[in-house]
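I have placed the structure first, in the form of structure tokens, so that the comments after it can refer back to it.
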Amino acid sequence: MLNKFKISSKAFNLAILFGLLCAVFLSFADFNASCDDLRTNVLRLHIIANSDSSEDQALKLKIRDRILEESGDLFEGVDDIDNAVLKAEQNADYYCEIANRVIKENGYDYKAEATVGYSYFETREYEDFTLPAGNYKSLIISLGEAKGKNWWCVIFPEVCIPAATADLSDTVTEESSHIAEQPQRYIMRFKIAEIYENIKNLIKD
């Protein structure tokens, strides 16, 4: 009788553990679905410096400032990610021209390249919101050898453009926006999502 009780107790504990694991998995699955909504509906500007020298890093920031100043109205009226990506592709040469102009003005002889593709980012904080780790559609400005630290922001929706009035809730679900804007409530889930995305990225490579 005692052995039967022990077996029943063990089975009961295992059932509880299995139930808890299922609940954690489902909770993370819902969280990651919201993260995917953010990854899918955000277009990032990604500027990669020639090197980590103080001169190249300073030039990167000058190029950032000029790009934001001269291209601030390009995404006006764009209301979905597909049109935002198309707009970025159509204006890649324009972004490249701005960057090369600043490079020349500052006496450097390397060139900039502008492409639209995917960039992998770790979990990143940006003033009022946090974006989960993963691959994001990006307008990538590569300066020279592009071996230095990068700078990024979100250009669709236009949250990093000076005087921008857009926010993430314009293009993602309310739940996804809530997660991005209140990351302190999801610290562990952001970390788990980052580990998960890192593993996915390693397997893909």
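The values are calculated or read from the model by the stated rules, or taken from the named source; none is laboratory data. Quantities reported herein were computed from a predicted structural model and do not represent experimental measurements. Cβ placement follows ideal geometry from the backbone for every residue including glycine, while neighbour counts extend to all protein chains displayed. We work out accessible area using only protein heavy atoms, side chains counted, and drop any ligands, DNA or RNA first. Shrake-Rupley method; radii C 1.70, N 1.55, O 1.52, S 1.80 Å.
Going by the structure shown, is residue 125 open to solvent by 70 Å² or more (accessible area, probe 1.4 Å), touching a residue at least 12 places away in the same chain (Cβ under 8 Å) and within 29 Å of residue 176 (Cα to Cα)?
Criteria met by residue 125.
For the range 162-177, does any single residue satisfy the condition of being closer than 21 Å to residue 64 by Cβ, modelled with pLDDT of 70 or more, assigned to a strand (DSSP E or B) and in contact with a helix residue (DSSP H, G or I) (Cβ under 6 Å, 6 or more places away or on another chain)?
No: zero hits.
Residue 90 is checked against (1) modelled with pLDDT of 90 or more; (2) within 30 Å of residue 176 (Cα to Cα); (3) open to solvent by less than 90 Å² (accessible area, probe 1.4 Å) and fails just one. What number does that condition carry?
Status for residue 90: all satisfied but (3).
Table: residues versus (1) modelled with pLDDT under 55; (2) of a type in the set (Phe, Trp, Tyr); (3) open to solvent by 50 Å² or more (accessible area, probe 1.4 Å); (4) touching a His at 6+ places or on another chain (Cβ under 7 Å).
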site	(1), (2), (3), (4)
5	yes, yes, yes, no
9	no, no, no, no
13	yes, no, yes, no
18	yes, yes, yes, no
24	yes, no, yes, no
29	no, no, no, no
45	no, no, no, no
49	no, no, no, no
63	no, no, no, no
